[in-house]
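**Q** I am attaching a structure below and will ask some questions about it afterwards.
The values are calculated or read from the model by the stated rules, or taken from the named source; none is laboratory data. Because the structure is predicted, anything quoted here is derived from the model rather than measured. Using ideal geometry, Cβ is built from the backbone for each residue, glycine included, and neighbour counts are taken over all protein chains shown.
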Amino acid sequence: MIINTYKRYLLNKFIKKKMLVSFIFLMLVLIINFIEESNFLKDSNSEIYVPLLLTLLNAPSLLLEIFPFIFLISTQLFFLDLFENQEILTLRQFGISNFQILKFTTFISFIISLLIMIIFYNFSSIVKNEYLKIKNQFTKDNKYLAVITKNGLWIKDSQINGETLIINSKKIQNQFLIDTTITKFDKNFIMIENIIADRIDIKNNNWKLFNVTKTENDNSSVIYKEYLINTKFNIDKINNLFSDLSSLTFFGLLKLEDNYKTIGYSVDEIILKKNKYFSNIFFMSIMSIIGALLVLKTNLSKKIFLNIFIGIFISVIVYYFLNFFSLLAKNEFMTIQLSVWFPIIFLVIISLIPAIKINEI
């Protein structure tokens, strides 16, 4: 299908506006994040390039979060430019209605948002993973690692006296580890003892073990009904370790979901992330429609700064609107799926009615 001349012109102008606004926001993200990373590393002995490297690696992930609002503002600028150059009147003279322009820009926004979630999302996840690896070297918790695999939950806990605990648990049930093996090594990584427990209460750092078999390195064993171990981990810290899913690609999320299910770990965060992944494609397109309506329906086409201010204000309202529903899901007042899709459907409804009547202007 050959694209009409006016469509090629609008496409070129529309993409340029999106790139311009994306570049501006990227610069803001880089500046703000560089300051934060510099403050984080100010007491470390890191090289001068490290905060800059961390900033560059973290920027795509931060930019991804604000893309919907970039779509809104860039669309506003696109339509404001059409009005300022009186191109909107020229297009009308050739029989091209406001609705046709809106339909075209919405379609382009949908295609761009689709590409963002397929390509840019996975790219940002890969570089975010590298960001976390580097930053972890400068955190106090660098010696305390945890990972979930098909073989269960694995934890490495370095003690103050130089000893190391390697913990492997088959399942997590609420605040308890089920069928757990704890192997203690000295500072030379020579095994000191091995502990097997049916159940461990990890509510706080002082773990309470039940039905314990403790085996020394000389193969002598002692059985305890209850046993205490001090660690650097508790249920809250373990949950927080796996809360940052932005470093995983979409296929990485699916793999992690399977691993979580294997050990009985909650997959709510992953389900939320997956739903947001798909909803963002529509969310960005909807914000583009709202940006167009702000120019076409408010009679503020000549008041550029006021129109942009209103766009930013609406972005803030939408941001807190979405967060409100996320909190409802986290507090179990609403299902995860409903908390993600209801705001999207609501925005579609309130945008659709004025969009249909856009030619009445």
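**Q** For region 254-263, what are the residues that are closer than 20 Å to Phe176 by Cβ and either free of Cβ contacts under 8 Å to residues at least 60 places away in the same chain or crowded, with 17+ Cβ neighbours inside 10 Å (or both)? Explain how you work it out, then say what you get.
**A** Start the filter on region 254-263 by keeping residues that are closer than 20 Å to Phe176 by Cβ, which leaves 259-263.
Within region 254-263, Asn259, Tyr260, Lys261, Ile263 qualify.
**Q** Quickly run through region 177-217 and pick out the residues that are over 20 Å from Tyr265 (Cα atoms), part of a strand (DSSP E or B) and hydrophobic (A, V, I, L, M, F, W, C).
**A** Phe185, Met191, Ile192, Ile195, Ile196, Phe210, Val212
**Q** On to the next question. Would you call Ser246 free of Cβ contacts under 8 Å to residues at least 60 places away in the same chain, in contact with a Ser or Thr (Cβ under 6 Å, 6 or more places away or on another chain) and small (Gly, Ala, Ser)?
**A** Details: free of Cβ contacts under 8 Å to residues at least 60 places away in the same chain: no; in contact with a Ser or Thr (Cβ under 6 Å, 6 or more places away or on another chain): yes; small (Gly, Ala, Ser): yes.
Against the criterion (free of Cβ contacts under 8 Å to residues at least 60 places away in the same chain, in contact with a Ser or Thr (Cβ under 6 Å, 6 or more places away or on another chain) and small (Gly, Ala, Ser)), Ser246 does not qualify.
**Q** Still on this structure, I have one more. What tally of residues in region 65-81 results from selecting those that are in contact (Cβ under 8 Å) with a residue 40 or more places away in the chain and surrounded by fewer than 20 Cβ atoms within 10 Å (Cβ to Cβ)?
**A** As a first pass, look at region 65-81 and keep what is in contact (Cβ under 8 Å) with a residue 40 or more places away in the chain: 66-81.
Now narrow it down to the ones that are surrounded by fewer than 20 Cβ atoms within 10 Å (Cβ to Cβ): 66, 81.
Counting residues in region 65-81 that are in contact (Cβ under 8 Å) with a residue 40 or more places away in the chain and surrounded by fewer than 20 Cβ atoms within 10 Å (Cβ to Cβ) gives 2.
**Q** What are the residues in region 158-210 that are on the phi > 0 side of the Ramachandran plot and surrounded by 14 or more Cβ atoms within 10 Å (Cβ to Cβ), if any? If you could, list the steps in order and put the result at the bottom.
**A** Here is the first cut: in region 158-210, the residues on the phi > 0 side of the Ramachandran plot are 162, 174, 179, 189.
Hit for region 158-210 is Asp179, nothing else.
**Q** Can I ask one more? Going by what's in this entry, would Lys42 be described as in contact (Cβ under 8 Å) with a residue 60 or more places away in the chain and of a type in the set (Lys, Arg)? Spell out how you get there, then give the answer.
**A** Values: in contact (Cβ under 8 Å) with a residue 60 or more places away in the chain: no; of a type in the set (Lys, Arg): yes.
So Lys42 fails the test.
**Q** Of the numbered conditions (1) among the small types (Gly, Ala, Ser); (2) at pLDDT 80 or above; (3) farther than 25 Å from Val50 by Cβ; (4) crowded, with 17+ Cβ neighbours inside 10 Å, Ser97 satisfies every one except a single condition; which is it?
**A** Here Ser97 clears every test but (4).
**Q** Applying the selection to region 264-292, what residues are touching a strand residue (DSSP E or B) at 6+ places or on another chain (Cβ under 8 Å) and crowded, with 21+ Cβ neighbours inside 10 Å?
**A** Tyr265, the sole residue that qualifies.
**Q** I would also like to ask the following. I'd like to know if region 278-287 contains one or more residues that are farther than 25 Å from Phe107 by Cα, touching a helix residue (DSSP H, G or I) at 6+ places or on another chain (Cβ under 7 Å) and of a type in the set (S, T, N, Q).
**A** Let us first name the residues in region 278-287 that are farther than 25 Å from Phe107 by Cα, namely none.
Within region 278-287, none of the residues are farther than 25 Å from Phe107 by Cα, touching a helix residue (DSSP H, G or I) at 6+ places or on another chain (Cβ under 7 Å) and of a type in the set (S, T, N, Q).
**Q** Search region 333-352 for residues that are crowded, with 17+ Cβ neighbours inside 10 Å and pair each with any residue that is acidic (Asp, Glu) when their beta-carbon atoms are under 7 Å apart and the residues are at least 6 apart or on different chains.
**A** Correct list of pairs: Ile336/Asp268.
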